[in-house]
Structures are given as C-alpha cells and as structure tokens.
C-alpha cells in the first residue's frame, strides 16, 4: 500500500502502484477506484489480500489501471499541467478586472 506524502503524483508516476489504502490523505481526489488502482480499506487485511489476489489474477486489468494512473498524472497532475491551470486562473482574473471598474474608497486619516 502506498502512503501519501507531498508529491504523491510524482510517486505514482515512478512506482505506478495498483493497490492503495483509503487513509485520509486525499487520494480519492487523485485516484478513482478500479480506474487508476484498487483502493482498499485501511487496516483490513482480508480486503488487502483480496485486492492482491485480484491484481495477480488479472494482469491485463492491472496494467490498464496502471497505465490510466500514469496518464492521469502526466496529463492532469504534472507540474506543467498545474502551472497551466494557474495561468488560466490569472487570465480569468485579469479579464474580470478589465470588465469591472475599480472602486475607490476614501482613505481615512489616523487621528
């Protein structure tokens, strides 16, 4: 099982795990169960064993999940993708500023 840390998307790219625990690390925002990997309940050895057997029994499905996870990381979670998203936000804010007149408030002098 992978335990998330800062930089988890990079870890996913390097290791491409197929089994992840459902610990409260925000993985549900990164990984869709059965699309990018198998998410198992934390501290549930029977569920983990079952997921491990499923992974070993169906290598084609495992490979499909691993490829989907890597593609998601590279296309949506990479540094470039995140910077593109930030740039779009700034462009939207700049466009709003052009459309909205500035409101000037009087400055109160300190007494």
Could you list all residues from region 25-47 that are in a helix (DSSP H, G or I) and modelled with pLDDT of 90 or more?
45, 46, 47
Yes or no: residue 51 within 15 Å of the chain's Cα centre (by Cα), modelled with pLDDT of 80 or more and surrounded by 12 or more Cβ atoms within 10 Å (Cβ to Cβ)?
no
Could we say that residue 88 is surrounded by 12 or more Cβ atoms within 10 Å (Cβ to Cβ), part of a helix (DSSP H, G or I) and modelled with pLDDT of 85 or more here?
no
Starting from region 71-94, take each residue that is under 17 Å from residue 31 (Cβ atoms) and list its partners that are part of a helix (DSSP H, G or I), counting only C-beta distances under 6 angstrom and pairs at least six apart or across chains.
73/9; 73/12; 73/13; 77/9
Go through the residues of region 60-71 one by one and say whether even a single one is modelled with pLDDT under 85, buried (at least 16 other Cβ atoms within 10 Å of the Cβ) and touching a strand residue (DSSP E or B) at 6+ places or on another chain (Cβ under 9 Å).
no
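Residues that are assigned to a loop (DSSP other than H, G, I, E, B), touching a strand residue (DSSP E or B) at 6+ places or on another chain (Cβ under 6 Å), surrounded by 17 or more Cβ atoms within 10 Å (Cβ to Cβ) and modelled with pLDDT under 75: does region 1-21 have at least one?
We begin by selecting, within region 1-21, every residue assigned to a loop (DSSP other than H, G, I, E, B); these are 1, 3-7, 16-18.
Cutting the leftovers down to touching a strand residue (DSSP E or B) at 6+ places or on another chain (Cβ under 6 Å) gives us 1, 17-18.
Narrowing further to those that are surrounded by 17 or more Cβ atoms within 10 Å (Cβ to Cβ): 17-18.
The next check asks that each one be modelled with pLDDT under 75; those that pass are 17-18.
Yes.
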Go through the residues of region 41-59 one by one and say whether even a single one is free of Cβ contacts under 8 Å to residues at least 40 places away in the same chain, on the phi > 0 side of the Ramachandran plot and out of contact with any helix residue (DSSP H, G or I) (no Cβ under 6 Å at 6 or more places or on another chain).
yes
Test result for residue 81, modelled with pLDDT of 90 or more, touching a helix residue (DSSP H, G or I) at 6+ places or on another chain (Cβ under 7 Å) and either surrounded by 10 or more Cβ atoms within 10 Å (Cβ to Cβ) or part of a helix (DSSP H, G or I) (or both):
yes
If residue 56 satisfies all but one of (1) part of a helix (DSSP H, G or I); (2) surrounded by fewer than 11 Cβ atoms within 10 Å (Cβ to Cβ); (3) modelled with pLDDT under 90, what's the number of the condition it fails?
(3)
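The values are calculated or read from the model by the stated rules, or taken from the named source; none is laboratory data. Bear in mind that the values here come from a model prediction, so they are computed numbers and not experimental data. FYI the Cβ positions are ideal-geometry reconstructions off the backbone, even for glycines, and counts take in every protein chain you see.
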